Amino acid sequence: GFELIETRVNKIIEDIKQALIEYLNLGMDSQNIKLSSFITKKIPNDYSYLSDLFSSIEGKTIEQYFILQRIEKVKELLVYDQLSLTEISYQTGFSSVHHLSSQFKKITSLTPSHFKKIGAAKRRSLDSI
């Protein structure tokens, strides 16, 4: 019986993570939909139950996990170096470049531009390999 419950809990956690990725991919289009509403639409359960379950398993809230996902997406886009910071903030659902920068610095202790320089320094061009 316990294995069945554990499997069900793990499935719900994975479903929440998948929903967060989908929500992140909406970018600024997600501004019309609250994160909690999006998740409960994908996983028909009470949000407080899902939130408590996620926190107890992952050790962080859904919102904290989502912010970390957003910052990882920002890092990826910074390293690709194809979009401006304004475009990156729009694509990752931040309300402004300032908001993106402050969240980024809070999580990574670096500014996005400093991270971009470091990321570029660590990468080698294909013709130099």
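The values are calculated or read from the model by the stated rules, or taken from the named source; none is laboratory data. The structure displayed is predicted, hence computed values, not measured ones. We place every Cβ from the backbone using ideal geometry, glycine too, and count neighbours over all the protein chains shown. These area figures cover heavy atoms from the full protein model, side chains too; ligands, DNA and RNA do not enter into them. Shrake-Rupley method; radii C 1.70, N 1.55, O 1.52, S 1.80 Å.
Structure notes:
- Pairs are defined by a Cβ separation below 8 Å, a sequence spacing of at least 6 or placement on different chains, a first member in segment 59-73 that is touching a residue at least 12 places away in the same chain (Cβ under 8 Å), and a second member that is open to solvent by 50 Å² or more (accessible area, probe 1.4 Å) and not in a helix (DSSP H, G or I); the pairs so defined are Leu68/Lys60.
- Test for Lys17: is it open to solvent by 80 Å² or more (accessible area, probe 1.4 Å) and modelled with pLDDT of 90 or more: no
- Picking from residues in segment 81-93 that are more than 11 Å from the chain's Cα centre (by Cα) and not hydroxyl-bearing (Ser, Thr, Tyr), the one that is least open to solvent (accessible area, probe 1.4 Å) is Ile88.
- Counting only residues that are in a helix (DSSP H, G or I), under 16 Å from Phe94 (Cβ atoms) and open to solvent by 50 Å² or more (accessible area, probe 1.4 Å), segment 29-47 holds 3 of them.
- Filter result (assigned to a helix (DSSP H, G or I) and among the small types (Gly, Ala, Ser)) within segment 48-85: Ser48, Ser51, Ser55, Ser56
- Number of residues in segment 95-120 that are part of a loop (DSSP other than H, G, I, E, B), open to solvent by 70 Å² or more (accessible area, probe 1.4 Å) and either modelled with pLDDT of 90 or more or closer than 13 Å to Val79 by Cβ (or both) equals 1.
- Residue check for Leu78: closer than 26 Å to Thr7 by Cβ and either in contact with a Lys or Arg (Cβ under 9 Å, 6 or more places away or on another chain) or charged (D, E, K, R) (or both): no
- The listed residues are Leu68, Leu50, Leu78, and the only one of them that is open to solvent by less than 30 Å² (accessible area, probe 1.4 Å) and under 22 Å from Leu100 (Cβ atoms) turns out to be Leu78.
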